[in-house]
Amino acid sequence: MRAISLLLLCLLPASADDALSRGIEAFHAGRFTEARSYFEQSKDAQAAVFLALTQAATGGCKEAVPRLATAFADAAEPALTRLAGEALISCVESSLKAEYPADADVLYRSARAHLRGWNDVVYEMFRKTPGSYRVNQISAEILEIQGKYPEAAAEYRKAIEKNPRALDLHFRLGRVILIDSQGPEALENARREFEAELALNSGDAAAEYEVGQILIAQGKRDAGALRLERALTLRPDVGEAMVAVGRARLEDKRYPDAISLLTRAIKLQPRNETAHYSLMMAYRNAGNLEAAKREKAVLDELQKPPEGEFSEFLKKFGEKPPK
């Protein structure tokens, strides 16, 4: 949804009422709760579509899908129709993956659709807009997939030079720097990129999360914990942030708070081994040994090698046939 926020600003109608204008500005800044409130207040005819886009961006696809489908079918404003279509596809895909997380057909069709769309769009981008910063961005993403991290970082920097205020570029550059190295210089360089992203969008929970993790790695635990808590405030539904804050509360011996957060994280990510381990430790340190044992059993189950016919086949594959 990062790219959508800029497109929303471009779509702001000249006759938009104050609530709609403020809502789009809040969306662009990542203040989704505030944006939703403004869209609900607006009397503008397009406010319902903007509200649906906000709901989709914050995990409220069930509410958003009917309005997005209507907006896509109306096709009154091409750019808005496009955004509605993109959000609708994202919602349907997310719902399918949530409902059938291990279904090979669902995963295959999702991958195939993404790959086909990716190839078509990249071809058109290189052909029609070779000088655009987006070409540098897409080149960087391709290099990143190939594991060529220094080259990817160079392309991200070229994109930033062409469009210093584009969202997501500093974030992606920071991530590439971290993937390539976790040394002291790399940590500091990556932190600067995430801070630059936050200067453009103060509501970016992912950038806040990365800054928090880096500060902790740099030995600045208290400062890091504060940034992690801010990330969780911005996006209360992000499991990784819940786990990180939960672990910080565990280290502070705030066991009830840690247990509450880690339990919520596990509901979102049932197979998160770090969350289960941290919850086990929180229960143990709080004196609830029975609950700690239950978490230990779950953790042991998650760490077991896969079983089944295929696993048995692999075990027997190298065996010599009986004489």
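The values are calculated or read from the model by the stated rules, or taken from the named source; none is laboratory data. Source: prediction; values computed, not measured. Counting neighbours? That spans all protein chains shown, and the Cβs are built from the backbone with ideal geometry, glycine included. Each accessible area value is taken on the protein alone, full model and side chains, heavy atoms only, with ligands, DNA and RNA left out. Shrake-Rupley method; radii C 1.70, N 1.55, O 1.52, S 1.80 Å.
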Where in the chain are the DSSP H helices whose C-alpha atoms run 24 Å or more along the long axis and whose mean Kyte hydropathy is at least 0.0? 78-99
When the solvent-accessible surface of protein heavy atoms is calculated with a 1.4 angstrom probe, in what order do 21, 90 fall, highest first? 90, 21
Taking all protein chains together and a probe of 1.4 Å, list 263, 33 from the most accessible to the least accessible. 33, 263
Pull out the extension gain between residue 162 and residue 301, defined as 0.36 nm times the separation in residues minus the alpha carbon to alpha carbon distance; nm, one decimal. 45.0 nm
Are there any trypsin sites (Lys or Arg not before Pro) in the range 30-91 that are in a DSSP loop and have at most 16 other Cβ atoms within 10 Å? List them by number. 43
Determine, for each peptide in 225-238, 124-137, 201-214, the mean count of other beta carbons within 10 angstrom over its residues, then list the peptides with the highest first. 201-214, 225-238, 124-137
Which one, 197, 77, 99, has the greatest fluctuation when you compute a Gaussian network model over the chain with C-alpha springs under 10 angstrom? 99
Between residue 111 and residue 132, what length in nm is gained on full extension when 0.36 nm per residue of separation is reduced by their alpha carbon distance? 4.9 nm
To the nearest 0.05, how large is the calculated FRET efficiency for residue 218 and residue 43 if R₀ is 45 Å and r is the Cβ-Cβ distance? 0.35
Where does the charge balance sit around residue 148 when Lys and Arg score +1, Asp and Glu -1, over other residues with C-beta under 10 Å from its C-beta? -4
Please give the charge dipole size of the range 149-290, origin at the Cα centre, charges +1 on K and R Cβ atoms and -1 on D and E Cβ atoms. Round to the nearest 20 debye. 300 debye
For residue 185 and residue 63, FRET efficiency with R0 = 41 Å and r from the beta-carbon atoms, rounded to 0.05? 0.35
Here, residue 142 and residue 81, labelled 7 Å along Cα→Cβ, have an inter-label distance in nm of 3.1 nm
For the range 120-146 and the range 205-282, write down the distance between their C-alpha centroids in whole Å. 35 Å
Structure-based [θ]222 nm, the chain - -39500 (n - 2.57) summed over DSSP H runs of at least 4, per residue, nearest 500: -25000 deg cm²/dmol
Mean shadow area of the range 212-267 over all directions, Cα convex hull, nm²: 3.3 nm²
Residues of the chain: accessible area per residue with a 1.4 Å probe, Å²: 58 Å²
